[in-house]
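One structure is given below, encoded as C-alpha coordinates.
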Amino acid sequence: MNKTAFSMPPNLNPDQASPDWMNKGDNAWQLTAATLVGLQSIPGLLILYGGSVKKKWAVNSAFMVLYAFACVILCWAAWGYRFSFGDKMIPFWGKPNFALDGHYLMEQTFLGKFPNATMVYFQGVFAAITLVLIAGALLGRMNFYAWMLFVPLWLTFSYTITAFSIWCPDGFLAKMGIIDYSGGYVIHLSSGVAGFTAAYWVGPRLTQDRQRFPPNNILLMLFGAGLLWIGWTGFNGGDPYVVSVDASLAVINTHICTAASLLTWLLLDIVFFRKPSVIGAVQGMITGLVCITPAAGVVQGWAAVIMGICSGSIPWFTMMVIHKRSEMFQKVDDTMAVLHTHAIAGSLGGILSGIFAVPKLNRLFYGTSGHYIGLFYGLADKRTHDGFRQIGVQLVGVVFVVVLNIVSTSIICVVVQIFMPLRMSEEEMEIGDEAAHGEEAYAIWGDEEEKLDPKYELAKSKAGGQVEMV
(Lines give C-alpha, C1' and ligand atoms only; values in the text may rest on other atoms or scores of the structure.)
Protein backbone atom coordinates (compact mmCIF):
# COMPACT_ATOMS: atom_id res chain seq x y z
CA MET A 1 0.00 0.00 0.00
CA ASN A 2 1.45 3.34 -1.06
CA LYS A 3 1.64 6.05 1.56
CA THR A 4 1.66 9.68 0.46
CA ALA A 5 3.79 11.95 2.62
CA PHE A 6 1.83 14.84 4.12
CA SER A 7 3.01 18.26 3.02
CA MET A 8 1.89 21.73 4.05
CA PRO A 9 0.60 24.20 1.47
CA PRO A 10 3.54 26.36 0.35
CA ASN A 11 2.11 29.47 2.00
CA LEU A 12 2.02 27.70 5.39
CA ASN A 13 5.49 26.19 5.33
CA PRO A 14 7.81 27.62 8.02
CA ASP A 15 10.67 29.78 6.79
CA GLN A 16 12.98 32.43 8.17
CA ALA A 17 10.24 35.08 8.06
CA SER A 18 7.57 32.72 9.45
CA PRO A 19 9.23 30.41 12.01
CA ASP A 20 7.51 27.22 13.09
CA TRP A 21 6.54 28.68 16.50
CA MET A 22 4.56 31.53 14.92
CA ASN A 23 0.86 31.24 14.14
CA LYS A 24 0.10 33.53 11.20
CA GLY A 25 -3.55 33.86 12.13
CA ASP A 26 -2.79 34.80 15.73
CA ASN A 27 -0.16 37.30 14.64
CA ALA A 28 -2.49 38.90 12.11
CA TRP A 29 -5.31 39.25 14.64
CA GLN A 30 -2.97 40.61 17.32
CA LEU A 31 -1.69 43.32 14.97
CA THR A 32 -5.28 44.13 13.96
CA ALA A 33 -6.45 44.26 17.58
CA ALA A 34 -3.54 46.54 18.48
CA THR A 35 -4.42 48.88 15.63
CA LEU A 36 -8.05 49.01 16.78
CA VAL A 37 -6.84 50.01 20.25
CA GLY A 38 -4.55 52.63 18.71
CA LEU A 39 -7.51 54.06 16.79
CA GLN A 40 -9.33 54.50 20.09
CA SER A 41 -6.74 57.14 21.00
CA ILE A 42 -5.80 58.46 17.56
CA PRO A 43 -8.26 59.71 16.42
CA GLY A 44 -10.96 58.38 18.81
CA LEU A 45 -10.30 60.15 22.09
CA LEU A 46 -8.54 62.96 20.27
CA ILE A 47 -11.78 64.02 18.59
CA LEU A 48 -13.96 63.01 21.53
CA TYR A 49 -12.02 65.40 23.77
CA GLY A 50 -11.75 68.01 21.03
CA GLY A 51 -15.52 68.00 20.54
CA SER A 52 -16.44 67.75 24.24
CA VAL A 53 -14.72 70.92 25.44
CA LYS A 54 -15.32 74.61 24.87
CA LYS A 55 -14.22 75.80 21.45
CA LYS A 56 -11.30 77.74 22.96
CA TRP A 57 -9.84 74.44 24.30
CA ALA A 58 -10.38 72.17 21.28
CA VAL A 59 -6.81 72.34 19.96
CA ASN A 60 -5.14 72.03 23.36
CA SER A 61 -7.29 69.06 24.35
CA ALA A 62 -6.65 67.21 21.10
CA PHE A 63 -2.95 68.03 21.20
CA MET A 64 -2.59 66.60 24.72
CA VAL A 65 -3.82 63.30 23.28
CA LEU A 66 -1.55 63.41 20.24
CA TYR A 67 1.52 64.23 22.32
CA ALA A 68 0.79 61.55 24.92
CA PHE A 69 0.39 58.87 22.27
CA ALA A 70 3.65 59.74 20.52
CA CYS A 71 5.64 60.11 23.73
CA VAL A 72 4.40 56.85 25.25
CA ILE A 73 5.07 54.78 22.12
CA LEU A 74 8.70 55.92 22.02
CA CYS A 75 9.31 55.56 25.76
CA TRP A 76 7.54 52.18 25.75
CA ALA A 77 9.89 50.71 23.18
CA ALA A 78 12.93 52.35 24.77
CA TRP A 79 12.37 51.15 28.34
CA GLY A 80 8.71 50.85 29.37
CA TYR A 81 7.98 47.42 27.90
CA ARG A 82 10.87 45.64 29.61
CA PHE A 83 10.03 47.36 32.92
CA SER A 84 6.48 45.97 32.55
CA PHE A 85 7.07 42.55 30.98
CA GLY A 86 10.79 41.87 31.24
CA ASP A 87 12.77 39.69 33.60
CA LYS A 88 11.85 40.13 37.25
CA MET A 89 13.93 42.65 39.18
CA ILE A 90 11.63 42.97 42.23
CA PRO A 91 8.09 41.58 42.81
CA PHE A 92 6.48 44.60 41.15
CA TRP A 93 9.00 45.73 38.52
CA GLY A 94 10.99 44.22 35.66
CA LYS A 95 14.66 44.79 34.88
CA PRO A 96 15.32 47.89 32.77
CA ASN A 97 16.23 47.15 29.17
CA PHE A 98 15.47 48.19 25.61
CA ALA A 99 12.92 46.63 23.27
CA LEU A 100 14.59 48.00 20.16
CA ASP A 101 16.98 45.24 19.15
CA GLY A 102 15.96 43.44 15.96
CA HIS A 103 16.97 40.04 17.30
CA TYR A 104 14.86 40.46 20.45
CA LEU A 105 11.87 41.83 18.54
CA MET A 106 11.77 38.81 16.24
CA GLU A 107 11.92 36.22 19.03
CA GLN A 108 8.78 34.55 20.37
CA THR A 109 7.03 36.59 23.05
CA PHE A 110 6.47 35.37 26.61
CA LEU A 111 2.82 34.54 25.82
CA GLY A 112 1.28 33.76 22.46
CA LYS A 113 2.54 32.41 19.15
CA PHE A 114 3.84 35.64 17.67
CA PRO A 115 6.99 37.77 17.93
CA ASN A 116 7.97 40.25 20.61
CA ALA A 117 7.53 43.06 18.09
CA THR A 118 3.80 42.36 17.96
CA MET A 119 3.51 42.25 21.76
CA VAL A 120 5.47 45.49 22.18
CA TYR A 121 3.07 47.17 19.76
CA PHE A 122 -0.04 45.68 21.36
CA GLN A 123 0.93 46.58 24.91
CA GLY A 124 2.28 49.95 23.78
CA VAL A 125 -1.11 51.19 22.58
CA PHE A 126 -2.61 50.06 25.90
CA ALA A 127 -0.02 52.12 27.77
CA ALA A 128 -0.68 55.09 25.49
CA ILE A 129 -4.45 55.12 26.02
CA THR A 130 -3.90 55.10 29.79
CA LEU A 131 -2.09 58.44 29.62
CA VAL A 132 -4.71 59.74 27.19
CA LEU A 133 -7.43 58.91 29.72
CA ILE A 134 -5.53 60.78 32.45
CA ALA A 135 -5.50 63.82 30.17
CA GLY A 136 -9.30 63.84 30.32
CA ALA A 137 -9.19 64.94 33.96
CA LEU A 138 -6.85 67.86 33.19
CA LEU A 139 -8.40 69.50 30.13
CA GLY A 140 -8.89 73.22 30.08
CA ARG A 141 -6.03 74.43 32.26
CA MET A 142 -2.89 72.23 32.46
CA ASN A 143 0.35 73.80 31.30
CA PHE A 144 1.27 71.89 28.14
CA TYR A 145 4.99 71.95 29.01
CA ALA A 146 4.20 70.35 32.36
CA TRP A 147 2.15 67.70 30.54
CA MET A 148 5.15 66.97 28.32
CA LEU A 149 7.19 66.13 31.40
CA PHE A 150 4.41 64.38 33.30
CA VAL A 151 3.72 61.77 30.59
CA PRO A 152 7.10 59.94 30.51
CA LEU A 153 7.49 60.18 34.28
CA TRP A 154 4.08 58.67 35.02
CA LEU A 155 4.55 55.94 32.42
CA THR A 156 7.88 54.98 33.99
CA PHE A 157 7.12 55.23 37.69
CA SER A 158 3.47 54.25 37.87
CA TYR A 159 2.12 52.40 34.84
CA THR A 160 5.01 49.96 34.49
CA ILE A 161 4.72 48.98 38.16
CA THR A 162 1.00 48.23 37.88
CA ALA A 163 1.42 46.37 34.59
CA PHE A 164 4.21 44.15 35.91
CA SER A 165 2.42 43.43 39.18
CA ILE A 166 -0.85 42.36 37.54
CA TRP A 167 -0.11 41.22 33.99
CA CYS A 168 3.44 39.86 34.02
CA PRO A 169 3.53 36.20 35.12
CA ASP A 170 6.23 37.13 37.68
CA GLY A 171 4.17 39.97 39.20
CA PHE A 172 3.08 39.47 42.80
CA LEU A 173 -0.63 40.09 42.13
CA ALA A 174 -0.52 37.81 39.08
CA LYS A 175 0.88 35.07 41.29
CA MET A 176 -1.88 35.70 43.83
CA GLY A 177 -4.41 35.02 41.06
CA ILE A 178 -5.95 38.41 40.39
CA ILE A 179 -8.41 38.52 37.49
CA ASP A 180 -7.86 41.48 35.18
CA TYR A 181 -8.66 40.23 31.71
CA SER A 182 -7.83 43.36 29.76
CA GLY A 183 -7.03 46.30 32.01
CA GLY A 184 -9.82 47.17 34.43
CA TYR A 185 -7.10 47.68 37.03
CA VAL A 186 -3.99 48.36 34.98
CA ILE A 187 -5.58 50.91 32.68
CA HIS A 188 -8.90 52.20 33.99
CA LEU A 189 -8.56 52.19 37.76
CA SER A 190 -5.03 53.54 37.34
CA SER A 191 -6.01 56.34 34.96
CA GLY A 192 -9.08 57.30 37.00
CA VAL A 193 -7.19 57.61 40.29
CA ALA A 194 -4.12 59.21 38.69
CA GLY A 195 -6.27 61.67 36.73
CA PHE A 196 -8.21 62.72 39.81
CA THR A 197 -5.01 63.04 41.86
CA ALA A 198 -3.29 65.08 39.16
CA ALA A 199 -6.38 67.29 38.88
CA TYR A 200 -6.03 68.05 42.59
CA TRP A 201 -2.42 69.14 42.15
CA VAL A 202 -2.97 71.08 38.93
CA GLY A 203 -5.92 73.00 40.30
CA PRO A 204 -9.27 73.92 38.75
CA ARG A 205 -10.31 75.61 35.55
CA LEU A 206 -11.54 79.18 35.61
CA THR A 207 -14.74 79.58 37.60
CA GLN A 208 -16.74 80.49 34.51
CA ASP A 209 -15.41 77.42 32.69
CA ARG A 210 -16.39 75.12 35.55
CA GLN A 211 -19.85 76.62 35.67
CA ARG A 212 -20.41 76.51 31.93
CA PHE A 213 -18.32 74.23 29.72
CA PRO A 214 -20.55 73.31 26.75
CA PRO A 215 -19.24 70.94 24.05
CA ASN A 216 -18.22 72.80 20.92
CA ASN A 217 -19.27 69.94 18.64
CA ILE A 218 -21.47 67.12 19.95
CA LEU A 219 -21.51 65.29 16.60
CA LEU A 220 -17.71 65.22 16.58
CA MET A 221 -17.81 63.97 20.16
CA LEU A 222 -20.18 61.17 19.09
CA PHE A 223 -17.86 60.20 16.25
CA GLY A 224 -15.00 59.82 18.72
CA ALA A 225 -17.26 57.87 21.08
CA GLY A 226 -18.21 55.52 18.26
CA LEU A 227 -14.55 54.83 17.47
CA LEU A 228 -13.95 54.18 21.15
CA TRP A 229 -16.80 51.65 21.37
CA ILE A 230 -16.01 49.71 18.20
CA GLY A 231 -12.28 49.88 18.89
CA TRP A 232 -12.94 48.02 22.15
CA THR A 233 -13.39 44.92 19.99
CA GLY A 234 -9.59 44.86 19.75
CA PHE A 235 -9.14 46.09 23.33
CA ASN A 236 -10.79 43.02 24.86
CA GLY A 237 -10.74 40.64 21.90
CA GLY A 238 -6.95 40.79 21.62
CA ASP A 239 -6.10 39.82 25.17
CA PRO A 240 -6.26 36.03 24.92
CA TYR A 241 -3.26 36.44 22.55
CA VAL A 242 -4.83 33.80 20.33
CA VAL A 243 -7.70 33.57 17.83
CA SER A 244 -10.00 31.48 20.02
CA VAL A 245 -13.53 31.01 21.27
CA ASP A 246 -12.50 32.98 24.34
CA ALA A 247 -11.64 35.98 22.15
CA SER A 248 -15.06 35.72 20.53
CA LEU A 249 -16.75 35.58 23.94
CA ALA A 250 -14.80 38.61 25.11
CA VAL A 251 -15.95 40.60 22.09
CA ILE A 252 -19.66 39.80 22.38
CA ASN A 253 -19.64 40.33 26.16
CA THR A 254 -18.03 43.72 25.60
CA HIS A 255 -20.82 44.90 23.35
CA ILE A 256 -23.60 43.37 25.46
CA CYS A 257 -22.38 45.05 28.64
CA THR A 258 -21.82 48.38 26.91
CA ALA A 259 -25.30 48.43 25.39
CA ALA A 260 -26.91 47.54 28.74
CA SER A 261 -24.90 50.24 30.51
CA LEU A 262 -25.75 52.96 27.98
CA LEU A 263 -29.45 52.14 28.12
CA THR A 264 -29.45 52.05 31.92
CA TRP A 265 -27.76 55.46 32.16
CA LEU A 266 -30.18 56.84 29.56
CA LEU A 267 -33.23 55.59 31.48
CA LEU A 268 -31.94 57.10 34.72
CA ASP A 269 -31.45 60.45 32.99
CA ILE A 270 -34.99 60.32 31.64
CA VAL A 271 -36.53 59.33 34.98
CA PHE A 272 -34.70 61.87 37.12
CA PHE A 273 -33.95 64.75 34.71
CA ARG A 274 -36.85 64.32 32.27
CA LYS A 275 -34.52 64.52 29.28
CA PRO A 276 -32.54 61.93 27.30
CA SER A 277 -29.00 63.30 27.31
CA VAL A 278 -26.60 62.29 24.56
CA ILE A 279 -23.65 63.27 26.76
CA GLY A 280 -25.08 61.05 29.48
CA ALA A 281 -25.45 58.21 26.98
CA VAL A 282 -21.76 58.51 26.11
CA GLN A 283 -20.87 58.40 29.80
CA GLY A 284 -22.95 55.23 30.18
CA MET A 285 -21.25 53.75 27.14
CA ILE A 286 -17.82 54.40 28.63
CA THR A 287 -18.67 52.97 32.05
CA GLY A 288 -19.99 49.81 30.37
CA LEU A 289 -16.82 49.39 28.33
CA VAL A 290 -14.67 49.91 31.40
CA CYS A 291 -16.67 47.64 33.70
CA ILE A 292 -16.57 44.61 31.38
CA THR A 293 -12.86 44.99 30.64
CA PRO A 294 -11.48 43.00 33.61
CA ALA A 295 -14.04 40.24 33.03
CA ALA A 296 -14.70 40.16 29.28
CA GLY A 297 -13.62 36.61 28.48
CA VAL A 298 -14.23 34.94 31.85
CA VAL A 299 -17.94 35.61 32.42
CA GLN A 300 -21.09 34.46 30.70
CA GLY A 301 -23.41 36.64 28.63
CA TRP A 302 -26.05 36.96 31.33
CA ALA A 303 -23.38 38.19 33.73
CA ALA A 304 -22.35 40.81 31.15
CA VAL A 305 -25.94 42.12 31.20
CA ILE A 306 -25.90 42.38 35.01
CA MET A 307 -22.52 44.12 34.87
CA GLY A 308 -23.93 46.55 32.31
CA ILE A 309 -26.87 47.43 34.54
CA CYS A 310 -24.50 47.97 37.47
CA SER A 311 -22.06 50.06 35.43
CA GLY A 312 -24.90 52.21 34.09
CA SER A 313 -26.35 52.88 37.55
CA ILE A 314 -23.62 52.89 40.21
CA PRO A 315 -21.24 55.36 38.46
CA TRP A 316 -24.35 57.40 37.53
CA PHE A 317 -25.20 57.62 41.23
CA THR A 318 -21.66 58.54 42.28
CA MET A 319 -21.45 61.20 39.56
CA MET A 320 -24.94 62.70 39.74
CA VAL A 321 -25.64 62.40 43.47
CA ILE A 322 -22.57 61.77 45.62
CA HIS A 323 -20.24 64.02 43.62
CA LYS A 324 -22.62 66.97 43.81
CA ARG A 325 -23.06 66.57 47.56
CA SER A 326 -19.42 65.99 48.45
CA GLU A 327 -17.20 68.97 49.24
CA MET A 328 -14.08 66.92 48.51
CA PHE A 329 -15.27 65.95 45.03
CA GLN A 330 -16.35 69.51 44.34
CA LYS A 331 -12.91 70.88 45.21
CA VAL A 332 -11.17 68.71 42.60
CA ASP A 333 -11.91 69.73 39.01
CA ASP A 334 -12.05 66.43 37.09
CA THR A 335 -12.99 67.77 33.64
CA MET A 336 -14.17 64.53 31.99
CA ALA A 337 -15.19 62.81 35.26
CA VAL A 338 -12.59 60.05 34.86
CA LEU A 339 -12.86 59.19 38.55
CA HIS A 340 -16.42 57.99 37.96
CA THR A 341 -16.19 56.65 34.43
CA HIS A 342 -12.87 54.84 34.87
CA ALA A 343 -11.83 54.45 38.52
CA ILE A 344 -15.23 53.57 39.93
CA ALA A 345 -16.35 51.61 36.87
CA GLY A 346 -13.00 49.78 36.74
CA SER A 347 -13.16 48.87 40.44
CA LEU A 348 -16.74 47.74 40.00
CA GLY A 349 -15.74 45.51 37.09
CA GLY A 350 -12.87 44.03 39.08
CA ILE A 351 -15.08 43.15 42.03
CA LEU A 352 -17.84 41.74 39.80
CA SER A 353 -15.18 39.65 38.05
CA GLY A 354 -14.50 38.08 41.42
CA ILE A 355 -18.18 37.20 41.68
CA PHE A 356 -19.08 36.00 38.16
CA ALA A 357 -15.81 34.50 36.81
CA VAL A 358 -16.44 30.99 35.45
CA PRO A 359 -13.76 28.34 36.29
CA LYS A 360 -13.89 26.81 32.80
CA LEU A 361 -13.45 30.20 31.12
CA ASN A 362 -10.60 31.07 33.47
CA ARG A 363 -8.95 27.83 32.42
CA LEU A 364 -9.29 28.81 28.75
CA PHE A 365 -7.70 32.20 29.41
CA TYR A 366 -5.11 31.49 32.10
CA GLY A 367 -4.35 27.89 31.16
CA THR A 368 -5.34 26.71 34.63
CA SER A 369 -8.38 27.14 36.83
CA GLY A 370 -6.23 27.23 39.99
CA HIS A 371 -7.76 29.70 42.42
CA TYR A 372 -9.53 31.53 39.58
CA ILE A 373 -13.18 31.12 40.51
CA GLY A 374 -15.92 33.66 41.04
CA LEU A 375 -17.74 33.66 44.36
CA PHE A 376 -21.01 32.71 42.64
CA TYR A 377 -19.45 29.50 41.30
CA GLY A 378 -17.46 28.91 44.46
CA LEU A 379 -20.67 28.73 46.46
CA ALA A 380 -22.34 26.53 43.82
CA ASP A 381 -19.37 24.12 43.57
CA LYS A 382 -18.78 23.99 47.34
CA ARG A 383 -15.51 25.88 46.90
CA THR A 384 -16.63 28.67 49.18
CA HIS A 385 -13.13 29.39 50.48
CA ASP A 386 -11.75 29.82 46.95
CA GLY A 387 -14.66 32.07 46.00
CA PHE A 388 -14.15 34.39 48.96
CA ARG A 389 -10.40 34.26 48.40
CA GLN A 390 -10.92 35.53 44.84
CA ILE A 391 -12.99 38.46 46.11
CA GLY A 392 -10.21 39.20 48.60
CA VAL A 393 -7.55 39.18 45.88
CA GLN A 394 -9.65 41.50 43.73
CA LEU A 395 -10.01 43.94 46.66
CA VAL A 396 -6.27 43.78 47.38
CA GLY A 397 -5.72 44.73 43.74
CA VAL A 398 -8.01 47.75 44.10
CA VAL A 399 -6.21 48.96 47.23
CA PHE A 400 -2.77 48.46 45.66
CA VAL A 401 -3.60 50.36 42.47
CA VAL A 402 -5.34 53.20 44.35
CA VAL A 403 -2.51 53.72 46.85
CA LEU A 404 0.21 53.39 44.21
CA ASN A 405 -1.38 55.96 41.94
CA ILE A 406 -2.16 58.49 44.64
CA VAL A 407 1.43 58.35 45.90
CA SER A 408 3.26 58.13 42.57
CA THR A 409 1.12 60.75 40.82
CA SER A 410 1.49 63.15 43.75
CA ILE A 411 5.27 62.77 43.81
CA ILE A 412 5.48 63.26 40.03
CA CYS A 413 3.34 66.41 40.18
CA VAL A 414 5.46 67.85 42.99
CA VAL A 415 8.66 67.14 41.03
CA VAL A 416 7.30 68.68 37.83
CA GLN A 417 6.15 71.72 39.80
CA ILE A 418 9.75 72.38 40.82
CA PHE A 419 10.64 73.11 37.20
CA MET A 420 7.45 74.71 35.87
CA PRO A 421 3.90 75.55 36.91
CA LEU A 422 1.39 72.75 36.46
CA ARG A 423 -1.40 75.17 35.61
CA MET A 424 -1.63 77.88 32.99
CA SER A 425 -1.89 81.47 34.14
CA GLU A 426 -5.34 83.04 34.57
CA GLU A 427 -4.71 85.18 31.51
CA GLU A 428 -3.80 82.19 29.34
CA MET A 429 -6.88 80.33 30.51
CA GLU A 430 -9.06 83.29 29.55
CA ILE A 431 -7.86 82.91 25.96
CA GLY A 432 -7.26 79.19 25.60
CA ASP A 433 -5.78 77.63 22.46
CA GLU A 434 -4.34 80.80 20.98
CA ALA A 435 -2.42 81.57 24.16
CA ALA A 436 -1.18 78.00 24.54
CA HIS A 437 -0.41 77.17 20.91
CA GLY A 438 -1.03 80.24 18.75
CA GLU A 439 -3.72 78.26 16.92
CA GLU A 440 -7.45 77.75 17.07
CA ALA A 441 -9.67 74.89 15.96
CA TYR A 442 -11.97 76.77 13.60
CA ALA A 443 -13.38 80.24 13.16
CA ILE A 444 -17.07 80.91 13.67
CA TRP A 445 -18.99 84.03 12.70
CA GLY A 446 -18.68 86.54 15.49
CA ASP A 447 -15.21 85.49 16.60
CA GLU A 448 -13.64 88.72 15.39
CA GLU A 449 -16.16 90.75 17.34
CA GLU A 450 -15.35 88.71 20.44
CA LYS A 451 -11.65 89.36 19.97
CA LEU A 452 -12.29 93.08 19.83
CA ASP A 453 -13.84 92.90 23.27
CA PRO A 454 -11.71 94.92 25.76
CA LYS A 455 -11.56 91.93 28.15
CA TYR A 456 -9.97 89.82 25.41
CA GLU A 457 -7.40 92.49 24.60
CA LEU A 458 -6.53 92.85 28.29
CA ALA A 459 -6.12 89.09 28.73
CA LYS A 460 -4.00 88.95 25.59
CA SER A 461 -1.65 91.64 26.82
CA LYS A 462 -1.30 89.95 30.22
CA ALA A 463 -0.53 86.64 28.52
CA GLY A 464 2.52 88.21 26.99
CA GLY A 465 1.10 89.20 23.62
CA GLN A 466 1.19 85.60 22.41
CA VAL A 467 -2.12 85.84 20.62
CA GLU A 468 -2.10 87.18 17.10
CA MET A 469 -5.20 88.69 15.60
CA VAL A 470 -6.26 86.89 12.44
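Some values worked out for this structure:
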quantity	calculated
Long pairs among Lys88/Lys175; Lys88/Lys360; Lys95/Lys175, criterion Cα-Cα beyond 21 Å	Lys88/Lys360
Over the chain, relative contact order from alpha-carbon pairs under 8 Å, at least 6 apart, %	20 percent
Mean separation of Cα contacts under 8 Å (6+ apart) over length of the stretch 260-325, as relative contact order %	42 percent
Accessible area per residue in Å² at 1.4 Å probe, computed on the chain	42 Å²
Span-rule helices in the chain, defined as complete DSSP H runs reaching 18 Å or more along the axis (Cα) with Kyte mean at least -0.5	24-39, 58-75, 116-135, 218-237, 245-273, 278-292, 301-317, 384-419
Apportionment of accessible area to carbon and sulfur, the chain, percent (1.4 Å)	67 percent
Helical mean residue ellipticity (222 nm; -39500 (n - 2.57) per DSSP H run of 4+; nearest 500) of the chain	-19000 deg cm²/dmol
Segment Val321-Met106, extension gain: residue separation times 0.36 nm, minus the distance between their alpha carbons	72.2 nm
13 Å beta-carbon shell around Gln390, net charge (K/R +1, D/E -1)	-1
Sparsely packed trypsin sites (Lys or Arg not before Pro) within the stretch 328-413, loop by DSSP, other Cβ within 10 Å at most 15	Lys382
Cα centroid separation, the stretch 363-392 to the stretch 39-91 (Å)	35 Å
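The values are calculated or read from the model by the stated rules, or taken from the named source; none is laboratory data. The structure presented is a predicted model; accordingly, all values stated were derived computationally and were not measured. Reconstructed Cβ throughout: ideal geometry from the backbone, glycine too, with neighbour counts over all protein chains shown. Note: accessible area is taken over every heavy atom of the protein model, side chains too, but ligands, DNA and RNA are not part of it. Shrake-Rupley method; radii C 1.70, N 1.55, O 1.52, S 1.80 Å.
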